[in-house]
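Before any comments, here is the structure.
The values are calculated or read from the model by the stated rules, or taken from the named source; none is laboratory data. The structure displayed is predicted, hence computed values, not measured ones. Cβ atoms come from the backbone with ideal geometry, glycine included; neighbour counts cover every protein chain shown. Heavy atoms of the whole protein, side chains included, go into the accessibility calculation; ligands, DNA and RNA do not. Shrake-Rupley method; radii C 1.70, N 1.55, O 1.52, S 1.80 Å.
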Amino acid sequence: MAIYQNRAIVEISFPRHFAQGKGLEQDMRPFNSTFDVQQLNKVLQTTSLKDFKNKCNNSVGGVLLPTTTMGLDQQELMENYESHRYIYQKLYGITLPKGNAVDSRNMLYDFGVDSPSAHTKCLGMFHMLGFKRVVNTNMDAISAKVDRNLVRPKFIRDVAQHLMARMCDEKPYLAIHWRNKSGEGCRIPWKCHDMSIVTLANENAFNVISDIRVLQKQYNINCIYVAYPPYAALFMETLRKNKVPRIFDDEYLFRDEDPEMDLFQRDDYMLSLLEQEICFQADLFLGWRLSSWTTIIERGRDSLEPKPISILLQSLPSWKNEL
């Protein structure tokens, strides 16, 4: 969108994940600690939040909304938008238009330079995933170009490369992202804290071991890194009990008491970025369906040439039931 209309995107700061507790406005992370701004600026202009607020009088003039996204119908989407108006005001001091002033019915394909949105000086987009089906022959190429340059800061990329070279003796490795959405709250209408989900996830932890072994043999991989939230640790235990060799998780990252790792040990936000980068650099990646954490990795990997192999765990032959 920014490229199509020759716009700059705002370098907003990011709160920690909502599952990590309240008071997140006190723990905001700068844009440049999450992404390599210099690399992104090769394809896309960025501007500071301060500059945006000065030029736009602390407000967004118009917002593009999809007609539906992530299982939300029109009413739920608008309710979700209203809650975010409060969040943006509280966290960033930015005022968004009221929901009754936003028309999402005719704005899904409103991307062209001659569209009404192109004449709005300060524009916002809400629920970006809802725009992924925008019909435009150049959109995939532009998205891939952005994805290739939307990368983690160089020091994170370097640390990930160094760690995995040491762990896996500079040989190919498999990275797995495992979660079950059982240990966190919900902001969207999916079931969480549901013991049936926990049971299914635990059953599949055992089921997919045979698939992992097949993939290791197929791609000649003998080293595995597993990224998972604390409440999904049973997967790692299952791998170990079934004698899957050379498997590592975040505990291994801090064994040597390397001062370079202090930041990641103290800060779960930075640790998550590091683990994402480890997964991104993997020769083979197994991700979790309906996870934005996995999606970020997949989008970056899919933009590369040649494209590394990424597989959803739920598509493996031994996976049982929908999760």
For ILE212, state whether it is β-branched (Val, Ile, Thr) and at pLDDT below 90. no
Of the residues in the stretch 260-295, how many are within 21 Å of PRO308 (Cβ to Cβ) and either open to solvent by 70 Å² or more (accessible area, probe 1.4 Å) or assigned to a helix (DSSP H, G or I) (or both)? 15
Look at ASP110 and say whether it is of a type in the set (D, E, K, R), at pLDDT below 90 and either assigned to a helix (DSSP H, G or I) or under 30 Å from ARG289 (Cα atoms) (or both). yes
Could you check, for the stretch 165-181, whether at least one of its residues is open to solvent by less than 30 Å² (accessible area, probe 1.4 Å) and modelled with pLDDT under 80? yes
I'm checking my understanding of the structure. Among residues of the stretch 237-254 that are of a type outside the set (D, E, K, R) and without any contact (Cβ under 8 Å) to a residue 40 or more places away in the chain, which one is most open to solvent (accessible area, probe 1.4 Å)? PRO245
Residue ID - most open to solvent (accessible area, probe 1.4 Å), chosen from residues in the stretch 35-66 that are polar (S, T, N, Q) and farther than 25 Å from ARG85 by Cβ: GLN38
Just one of (1) surrounded by fewer than 20 Cβ atoms within 10 Å (Cβ to Cβ); (2) within 30 Å of ARG29 (Cα to Cα); (3) not basic (Lys, Arg) trips up ASN222, so point out which. (2)
Note on TYR228: of the conditions (1) open to solvent by 40 Å² or more (accessible area, probe 1.4 Å); (2) at pLDDT 95 or above; (3) at negative phi; (4) not hydrophobic (A, V, I, L, M, F, W, C), unmet is (2)
With respect to the numbered conditions (1) open to solvent by 50 Å² or more (accessible area, probe 1.4 Å); (2) modelled with pLDDT under 70; (3) closer than 19 Å to GLN5 by Cα, which one is the sole condition not fulfilled by SER115? (1)
When (1) at pLDDT below 95; (2) in a loop (DSSP other than H, G, I, E, B); (3) surrounded by 15 or more Cβ atoms within 10 Å (Cβ to Cβ) are applied to GLU257, the one that fails is (3)
What is the residue count in the stretch 200-219 for residues that are of a type in the set (A, V, I, L, M), open to solvent by 10 Å² or more (accessible area, probe 1.4 Å) and closer than 23 Å to PHE280 by Cα? 2
Name the pairs whose Cβ atoms lie under 9 Å apart, with the first residue in the stretch 294-323 and within 10 Å of PHE280 (Cα to Cα), the second loosely packed, with under 14 Cβ neighbours inside 10 Å, and 6 or more positions between them or separate chains? ARG301/LYS307
Take the stretch 299-323 and flag every residue that is closer than 17 Å to ARG157 by Cα, open to solvent by 40 Å² or more (accessible area, probe 1.4 Å) and assigned to a helix (DSSP H, G or I). ARG299
